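Undergrad: Here it is, the structure in full.
The values are calculated or read from the model by the stated rules, or taken from the named source; none is laboratory data. The structure presented is a predicted model; accordingly, all values stated were derived computationally and were not measured. For neighbour counting, all protein chains shown are included, and Cβ atoms are generated from backbone atoms with ideal geometry for every residue, glycine included.
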Ligand code: SF4
């Protein structure tokens, strides 16, 4: 699938630029001389690069817009590129593939919160207003994925603008980080 996307000219995903010579780098480094970038030649290096931001802080959300710069992955084939991408952006290619085939399954925020148990059960009390604030802060400002899920199951799912050069990062249901943030909001209201 990735080979096909590259043939179509899709050379970006999130903050990563994809070269047609099996290379990956931060898209902000697209015009930086390769001799100035730290070279890695194995796909697992992506896992290390993605772990900490520029200041050395752990990145709990791999799709947060804080991927560090100054590295170059020079790999051997498109399969290795896809593997590296899975470390940078887990499941991104398969989610996009499912969307292209109209098979992407969407779960509303309420459904996700309703199935929470234990210390997260309290998130079921999140109001619609609080949901919107939470989505704006955590998803729109802090994440590169495009949200597909609505707040309630009876609402329309959202769509997105397709940039011809970019493989989109899709979000089919609220992640654990969002649920944890929802809990903080509800607990503060008590
Ligand atoms: S719910 Fe989706 S869009 Fe929001 S922060 Fe989590 S992964 Fe990103």
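Undergrad: If we keep just the residues of the range 95-110 that are part of a helix (DSSP H, G or I) and surrounded by 14 or more Cβ atoms within 10 Å (Cβ to Cβ), which is farthest from the chain's Cα centre (by Cα)?
TA: Pass one, the range 95-110, residues part of a helix (DSSP H, G or I): 95-100, 109-110.
If we keep only those that are surrounded by 14 or more Cβ atoms within 10 Å (Cβ to Cβ) too, we end up with 95-99, 109-110.
Values: 95: 10, 96: 11, 97: 15, 98: 15, 99: 15, 109: 17, 110: 21 Å.
Among those residues, the one meeting the criterion is 110.
Undergrad: To continue, here is another question. Look at the range 33-87 and say how many of its residues are assigned to a loop (DSSP other than H, G, I, E, B) and in contact (Cβ under 8 Å) with a residue 24 or more places away in the chain. Lay out the reasoning, then the answer.
TA: Start the filter on the range 33-87 by keeping residues that are assigned to a loop (DSSP other than H, G, I, E, B), which leaves 33, 37, 41-44, 53-57, 59-70, 75-77.
After this cut, where a residue has to be in contact (Cβ under 8 Å) with a residue 24 or more places away in the chain as well, the list is 37, 41-44, 60-65, 67-70, 75-77.
Looking only at that region, the number is 18.
Undergrad: Name the residue that is nearest to the ligand (Cβ to nearest atom), counting only residues in the range 166-185 that are in a helix (DSSP H, G or I) and out of contact with any helix residue (DSSP H, G or I) (no Cβ under 8 Å at 6 or more places or on another chain). I'd like the intermediate steps shown before the answer.
TA: So the first thing to find is which residues in the range 166-185 are in a helix (DSSP H, G or I), and the list is 176-185.
From the residues that got through so far, the ones that are out of contact with any helix residue (DSSP H, G or I) (no Cβ under 8 Å at 6 or more places or on another chain) too are 176, 184.
Details: 176: 8, 184: 14 Å.
Applying the filter and picking the extreme gives 176.
Undergrad: For the structure I just gave you, tell me whether residue 116 is under 17 Å from residue 186 (Cβ atoms) and assigned to a loop (DSSP other than H, G, I, E, B).
TA: Working: under 17 Å from residue 186 (Cβ atoms): yes; assigned to a loop (DSSP other than H, G, I, E, B): yes.
The answer is yes for residue 116.
Undergrad: On to the next question. Among residues belonging to the range 23-63 that are surrounded by 18 or more Cβ atoms within 10 Å (Cβ to Cβ) and within 16 Å of the ligand (Cβ to nearest atom), point out the one that is farthest from residue 137 (Cα to Cα).
TA: 50
Undergrad: Within the range 13-30, is there a residue that is at pLDDT below 95 and in a loop (DSSP other than H, G, I, E, B)?
TA: Residues of the range 13-30 that are at pLDDT below 95, as a first pass: 20.
Of the ones still in play, those that are also in a loop (DSSP other than H, G, I, E, B) are 20.
There is at least one residue in the range 13-30 that is at pLDDT below 95 and in a loop (DSSP other than H, G, I, E, B).
Undergrad: Scanning the range 140-157 for residues that are closer than 13 Å to residue 170 by Cα and either assigned to a loop (DSSP other than H, G, I, E, B) or touching a helix residue (DSSP H, G or I) at 6+ places or on another chain (Cβ under 7 Å) (or both), which turns out farthest from the ligand (Cβ to nearest atom)? Show your work before the answer.
TA: Initially, the range 140-157 is screened for residues closer than 13 Å to residue 170 by Cα, giving 140, 143-149, 157.
When the remaining residues are screened for being either assigned to a loop (DSSP other than H, G, I, E, B) or touching a helix residue (DSSP H, G or I) at 6+ places or on another chain (Cβ under 7 Å) (or both), the result is 143-145, 147-149, 157.
Numbers: 143: 3, 144: 8, 145: 4, 147: 5, 148: 9, 149: 8, 157: 13 Å.
Taking the candidates together, the pick is 157.
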